[in-house]
Amino acid sequence: MRLLRIAAVTLVTLLVAGLAVGYSIATLDMYSSVRQEQAAQVLARIFNRPVDVRGPVVLTPGRRLGIKIEDTYIQRSSGSATGEGRVFDTVEFDAPYGLLRGDVSGIRNFSMSGADIEYRADPSGERRQAWSFELLTILLNNPVFDNLELTDVEFHFIAEADGWNEVFRIESFKLVTTSGSPSTEVSIKAAVNGTPLSAAGVVPSSVWVRDNNSRGPFDLTFALPGLETSLSGTVDTSE
C-alpha cells in the first residue's frame, strides 16, 4: 500500500512538473526563441520551404492549442533574385496538442494576413508546364487548408521565358469545409494585375481528393468588370 501511495505521489509530481515546464515554455519571454524555432519548423513543413520567424509566438491553451505567429518570412522560389518573401504580419491557427510533438496533420482554421509570396517558373523549363498550378495543388491536397482565410496577401507568378509577370492580390480569400465533407466552399475577392475579380463556388475537399486519386469536381462563378461567367469540371491535383 505504501508503495502504491509513493507511486501515486511520484506520478502526480511528474505531471505537475511537466505542466509547469510546458506552461513556462508556452508563456515566458526567456523561451521566446524556442517558440520561434518550433513555429518556423511547423510552417516550413506546411509550405515545404524554409521559414524564419522573427516576431513573438503566442500559445493559448484550451481544448485545442491556439497559435499566433508574427513577423514571419518564407523563402522565395529558387529562381528568385531575393532569398526571402515579405513578412507575414500574422499567422494564426489551432491544433491538437500533438503539434508539440511535431504532428501538423491536425492544424485547422489557418489564417494569414499581410504577405507577399512569389512563384517563379523553373528557368530550366523542366517544370514550366506545372509551376503555376503548384499553389492550387497545395491548397486542395493539404487538410491543413480545409478552413483557410487570407487577407491582404499578394502572389507574384513569374516566368521570364514565357513572358509571365502576373500579380494576384487577395483582399479576402476563404475556404470553408464542414468536417468530412466532400466539397469545400470558396469565396474570393481579389485583383489580377489591378483588375478586380471575385469568385465563389465549390471545389473538392482534401478528403475527396485523398479518396479519389487526387481528382474531383469543381463549380465556380467568376465576376470581372462587365463580365460574369461560370466554370465547372474536374480538377486533377496529382501533379
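The values are calculated or read from the model by the stated rules, or taken from the named source; none is laboratory data. It should be emphasised that the depicted structure is a prediction, and the values quoted were computed from it without experimental measurement. Cβ sites come from the backbone with ideal geometry, for glycine too, and all protein chains shown count toward neighbours. We work out accessible area using only protein heavy atoms, side chains counted, and drop any ligands, DNA or RNA first. Shrake-Rupley method; radii C 1.70, N 1.55, O 1.52, S 1.80 Å.
Here are a few things to note about the model shown:
- When the test is whether a residue is at positive phi, at pLDDT 85 or above and of a type in the set (S, T, N, Q), Asn193 passes it.
- Neighbours by Cβ (under 8 Å, 6+ apart or cross-chain): first from region 150-173, without any contact (Cβ under 8 Å) to a residue 12 or more places away in the chain and open to solvent by 50 Å² or more (accessible area, probe 1.4 Å); second in a strand (DSSP E or B) and not hydrophobic (A, V, I, L, M, F, W, C): Asn165/His156
- Within region 160-211, the residues that satisfy the criterion of being closer than 25 Å to Asn109 by Cβ and assigned to a loop (DSSP other than H, G, I, E, B) are Thr177, Thr178, Ser179, Gly180, Ser181, Pro182, Ser205.
- Region 86-111, residues that are part of a helix (DSSP H, G or I) and surrounded by 18 or more Cβ atoms within 10 Å (Cβ to Cβ): Leu99
- Residue list for region 221-239, filter: within 22 Å of the chain's Cα centre (by Cα) and within 16 Å of Ile188 (Cβ to Cβ): Val235
- Subset of region 174-186 [open to solvent by 60 Å² or more (accessible area, probe 1.4 Å) and among the polar types (S, T, N, Q)]: Thr178, Ser179
- Pairs where the first residue, in region 41-53, is among the polar types (S, T, N, Q) and the second is open to solvent by 60 Å² or more (accessible area, probe 1.4 Å), C-beta under 7 Å, 6+ apart: none
- Taking the numbered list (1) open to solvent by less than 50 Å² (accessible area, probe 1.4 Å); (2) in contact with a Leu (Cβ under 7 Å, 6 or more places away or on another chain) in turn, Thr195 passes all entries but (1).
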